[in-house]
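Data first, discussion second: the structure below is written as structure tokens.
The values are calculated or read from the model by the stated rules, or taken from the named source; none is laboratory data. Note that the structure is predicted; figures quoted are calculated from it, not measured. FYI the Cβ positions are ideal-geometry reconstructions off the backbone, even for glycines, and counts take in every protein chain you see.
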Amino acid sequence: MLGDRRGMVDFAGCAAAEGQGETIRDLYGALAARWIAAGAPRHLALIPSSDEALIDPWLRLAFGVQFVWAVRETAAMKPVEAGVRIRPGTPNDLELVAKLDRSLHEHQAGPPSFSGLTIASDEEFRADWSDLWDDPDIYTHFVAERAGMPVGHVVLYRRPTGDLRVPNDNIDLSHAATLPAARRSGVSLALMGHALTWAHEHGFRSMTTDWRSVNLLSSRHWPRRGFRPTFYRLYRALP
């Protein structure tokens, strides 16, 4: 697959029997030549996290783990006492959502992530999120308030099925963030407990999410919340 100066081995795009690691390396050599000729110096491979034998040849091709997809079961969770009230989000929360997304982008622009992404203007962040509440059959939004002030949120997304990373009866945790001043105070734990309970009560058996492996906060937080890696996005950038 080619696009956006990237060549990618997509979900279900790489499989091999035991002992065929060198064949994978040969096949990548042929693919890489085509990708470079087509002007795509950024190379990605989406590989099941459980298949170490399949990951190994890619690591020996100078790829590294860039992105993690993960899943966990939903469950009725015990409420977390964090001094917050959790309520459904509304269009009146647009300013909060834009601020939380900006905070996440700024965090990922710093070390050790160095995302390289341009930080959009406040107006652009608001425009990106302005339709969040238009279709409640697709998105579900929860906001945490402390002393009447919003301090964090989660966005759940009914991701279409059809690829290996999306189980049946699944809902995706597509965005979760806490304002910097409220971090490490239980806000995220309260929001996650609420989201997992809501999803369980509404018939969703599992919840998926994803994170950049170089985002230190995310890569430590989500496994502690019970999310288990299912796929890695391996990445190599050529000069």
- Query: What's the number of the condition Lys78 fails, among (1) charged (D, E, K, R); (2) over 30 Å from Asp135 (Cα atoms); (3) in the same structural domain as Asp172 (by TED's automatic domain parsing)?
  - Reply: (2)
- Note on the structure: Of the candidates Gly203, Gly193, Gly152, the one satisfying the condition of being in the same structural domain as Leu104 (by TED's automatic domain parsing), part of a loop (DSSP other than H, G, I, E, B), modelled with pLDDT of 95 or more and not polar (S, T, N, Q) is Gly203
- Message: Only one of Pro112, Pro48 is surrounded by fewer than 20 Cβ atoms within 10 Å (Cβ to Cβ) and under 30 Å from Phe125 (Cβ atoms). Can you tell me which?
- Response: Pro112
- Note on the structure: Exception for Ala144 within (1) more than 17 Å from the chain's Cα centre (by Cα); (2) farther than 26 Å from Ala190 by Cβ falls at (2)
- Task: Please state which of the following conditions Pro180 fails to meet, knowing it meets all the rest: (1) in contact with a His (Cβ under 9 Å, 6 or more places away or on another chain); (2) at pLDDT 95 or above; (3) not aromatic (Phe, Trp, Tyr).
- Result: (2)
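Could you list, in sequence order, the residues of the stretch 12-50 that are assigned to a loop (DSSP other than H, G, I, E, B), under 19 Å from Phe67 (Cβ atoms) and at pLDDT 90 or above?
Ala40, Pro41, Ser49, Ser50
May I ask you to list the residues in the stretch 93-109 that are free of Cβ contacts under 8 Å to residues at least 24 places away in the same chain and either loosely packed, with under 14 Cβ neighbours inside 10 Å or over 11 Å from Phe125 (Cβ atoms) (or both)?
Glu106, Ala109
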